[in-house]
Each structure stands twice: as C-alpha cells, then as structure tokens.
Amino acid sequence: MAARRRKKKHKKKRSFLRQLGWSLYCTLMILSAIIVGLWVAYKFASQAPSTAEAPPLPSNPSAVITDDPNTLDIDESQQQPALARKDSTWTFLLAAEDQVSGSTDTIMVCTYDTVNQTIGLVSVPRDTLVDREGWKYHKINAAYSNGNAYFPPDGGIKELMTAVSEVLGIPIDHYVLIDTTIFVEIVDAVGGVDFNVPVYMNYDAPDQDLHIHYNPGLQHLSGQQALEVVRCRKNSDGPGEYPNNLYDAYPDADIGRTRTQQEMVKAIVKKVLANPQKINEYVSLFSHYVKTDLTVNNLLWFAPQALKFDFANLTTATLPGNGAASYQGISIYELDKPACIELINQCLNPYTTPVTEDMVRMIPGD
C-alpha cells in the first residue's frame, strides 16, 4: 500500500512538472511573440528624418534679387554642386523665443552623427551680422520675428533656418523651437539641477516682473531659477533701478551668456536621462511646449540612437567673433570668418569634404 501511495505521488509530481514546463513554454512563446511584434511595429513606425538641400553659394552670379522678399530666382545650373553627406548625420536648429521682443533669444546649431555617436552644439550669438537681400534686418535673432510678418505661423522659423544655413554654409535639416515654459517645468519635474553659476547676477526689470539675484558658485536651482540664470545678460545697480545704469554681467558680454546656456542644457539633459521613469511626463511637456518639423516616426528612429550616446562625445562652442563691432550705426557681432570655418568643420559639417570660404556668407562690420 505504501509503495502504491509513493507511486501516485511521483505521478502527480511528474504531472505538475509537465504542466509547469508547458506553462513556462507558453509564457515564453507569448513574450517572444510580443517582443517580435513590438520590434516589427517599431521598424514599421520609425522613419529616418529627411535632409535639406545645400544653401546657394553667396557669390552666385545668377541670383536675381527682386523687391519681393519671398522671391529669389536662381538658375539651377549655377546652384552649388551636390556634396556628399556623411552617413546618418543630421543638422538641427535649436531656438528659444525671446519672451519680450518676439525674436529668438537663444540660437544653437546641432549636428548629430549617429554612426560615430558624436554631437556638435554651437551657439550663434543673437547679434550676429547677416546680409539677407530683400529683408530688413541685420541681426540674426531678428530673422524670426521679421519672417513671421510674411509667412505666419511658421515663416519666422523657416527664415531663421535659411539665414543660419547661409551664414554657416551648411544645410539645416530640421528645427526645434522651444517655449521657455518647458525649461521651467522640466527642471522642476526632475527635482531641480545643481549648477555652478559663473558670475555675479543682479538684474531687475519690474515691467517684466523679473528679478535676478545670484552670487557665483554651485547652487541647486529650481526651474524658474535656472531660467533666470540663462536669461541674465546685464546687471543693474540694485533692486528697482532698471532700466538705468546697466552693465554686462559677463566680461565677454553675450558670449559668456551663451556659454552658460550650453552648460545649463547639458546639466538638464543629464538629469533628464538619469530619470527615465518620467518619460510620460517628458513626452507631455514636449508636445505642449516644443514645435518641430520632426515627426513622431523620426523621433522613434532617433530614440535607440540617443540611448547609446556618451556625453563625452558632446562638443560645445560659440561662433568666434567681435562683439564690439558696429554696422550702419548699430552694435553687432562680427564673425571671424577663418576661425568660424575651422569650428564649422570641427563640430557641424555634415559633408564628407570641408566647408570652404566660398560656401559661407559672413560679412564684415563697418
């Protein structure tokens, strides 16, 4: 009797193990099917972004300028010859709108080489002198507001893309236009950022309800505080004395501020990537406060590329030049053409061959 009971127990145990094995097998098959399905869906949905055409050569003799700022007739035979692009490399214009003037307060150009996993991020000073025939502006940050008068609602960003492209001599494939509200909210979403404020900041603008007061040094900043730090350009004598007696907050004027903006962007991106569990919140903020011509399919394509990126391969810089120059009686930022071309080839060039002097459109001041 005891032997029969042991035999029955062994049969039950074997039956249980068979059922468990079958359940595990079915579970693995289902999970495999889900993974394969998601992979197929991702491959079907993701789409590599398009690339833009090269800007026309500045010396193009066949460019006929008319009184219509929207018209630029170019003989196709005289356009810049096709240049070979680096494999899977894109250029982007990153811009933030000035909350007061309606022009762009921050202008950056980014080139992302997804093959070599390198990113070059170069700031374009807002007062950079430009020469756009038929358009009534000379500072590059005015391209955005000037363009809006002709092509609402996205004409401004398109005009800014064209102006930046001509200055640098490279195509700008896509744009990302940021409402600074996202800057505040995304920093708050990740619990603030630790940031080394580079200079003493003391600025008051009662008409904007803006009051910026920081001592230099490492500080933990909220979203609003981080925005104030990157916006500060001038110092006033003390609370309530704006707009009189303003002084540059940085020894190198606006170039110092662009450097602070670059460092803040890196600090925020690092904090965002360190909190991937907030992805739904990031997506919601992005959809509300960012305008871009990149599609959801394009973003899906970039997602796995970005996960492999090492911040050691991020290079930041500012176009070199003279911030004390003038043009037709206005203060401007005059680009140093040889130094700029060298920087463009180091950080931004999407071509397999160098950008040369005859490809860029940089004019001298008075």
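Rolling a 1.4 Å probe across the protein heavy atoms gives the range 279-322 an accessible surface of 60 Å² per residue.
Can you give me the % of accessible surface on the range 188-230 that is carbon or sulfur? Probe 1.4 Å, all protein chains present, nothing else counted.
Carbon and sulfur together cover 49 percent of it.
Which order do GLU53, GLU281 take when ranked by solvent-accessible area (1.4 Å probe, heavy atoms of all protein chains), largest first?
Ranked from most to least accessible, the order is GLU53, GLU281.
Across the options GLY329, ILE344, ALA312, the greatest Cα extent toward the positive end of the charge dipole of the range 287-366 (unit charges at beta carbon of Lys, Arg, Asp, Glu) belongs to ALA312.
Accessible surface for VAL229 stands near 0 Å², nearest 10, in the context of the full protein assembly shown (1.4 Å probe).
Given their separation in residues at 0.36 nm each and the Cα-Cα distance between them, THR315 and LYS278 gain 10.7 nm when the chain is fully extended.
The values are calculated or read from the model by the stated rules, or taken from the named source; none is laboratory data. Bear in mind that the values here come from a model prediction, so they are computed numbers and not experimental data. Positions of Cβ are generated from backbone atoms using ideal geometry, with glycine treated the same way; all protein chains shown enter the neighbour counts. Areas reflect the complete protein model, heavy atoms only, side chains present, ligands, DNA and RNA absent. Shrake-Rupley method; radii C 1.70, N 1.55, O 1.52, S 1.80 Å.
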